[in-house]
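Note sheet for the following structure.
What follows is calculated from the coordinates using simple rules that are stated; it is not laboratory data. Being a predicted model, the structure only gives us computed values, none of them experimental. All Cβ positions, glycine included, derive from the backbone under ideal geometry; neighbour counts span all protein chains shown.
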Amino acid sequence: MQARMVYLPDSLAAWDKAEFQQVLKQELESLGIDDLPLQAGLSASSYVVDKPFTVMVMNSEAQAEKLVIKLAVLYTGTVAGCNCADDPSPVDEVNEYCEMLLEMDSHTGSCQFSLLD
């Protein structure tokens, strides 16, 4: 599934202000799980659980026509079973962590996300 285009106008407006990290964190955490590449970042589970996630801003810098921001994201995944009627295993939730790069257009606030290794 293709992620929809994400715009962060409040974060763009706060870029050169002291509250930038808090505004960015709040704006990102208000997005849905499909707006970030969380599914591709799973390491211990198979599906992202639709629960709130936590974003930490690791660093940020302005480059030519964009803002480049390194993020850490804490979220929840689940290990899907076979869903057989006689499968006694419960659905387990697993804490997940990934790092990603957010590149925000410094004119429009449109964003591209990419996972970091």
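The Rg/Rh ratio of the chain, with Rg taken over Cα atoms and Rh as the Kirkwood radius over Cα pairs, comes to 1.06. Exposure proxy ranking for M5, M104, M58, based on other Cβ atoms within 10 angstrom of each Cβ and starting from the fewest, stands as M5, M58, M104.
With neighbours defined as other Cβ atoms within 10 Å of a residue's Cβ, the residues K70, K17 order from fewest to most as K17, K70. Relative contact order, whole percent, for the chain stands at 27, derived from Cα pairs under 8 Å and 6 or more residues apart. Between the beta carbons of M58 and V91, assuming R0 = 35 Å, the FRET efficiency works out to 0.65 to the nearest 0.05. Loop-located GluC sites (Glu not before Pro) across segment 18-117 with a Cβ neighbour count of 14 or fewer within 10 Å are E19, E65, with loop assigned by DSSP. Taken along the Cα-to-beta-carbon direction at a fixed 7 Å, the label points for L74 and Q22 span 1.9 nm.
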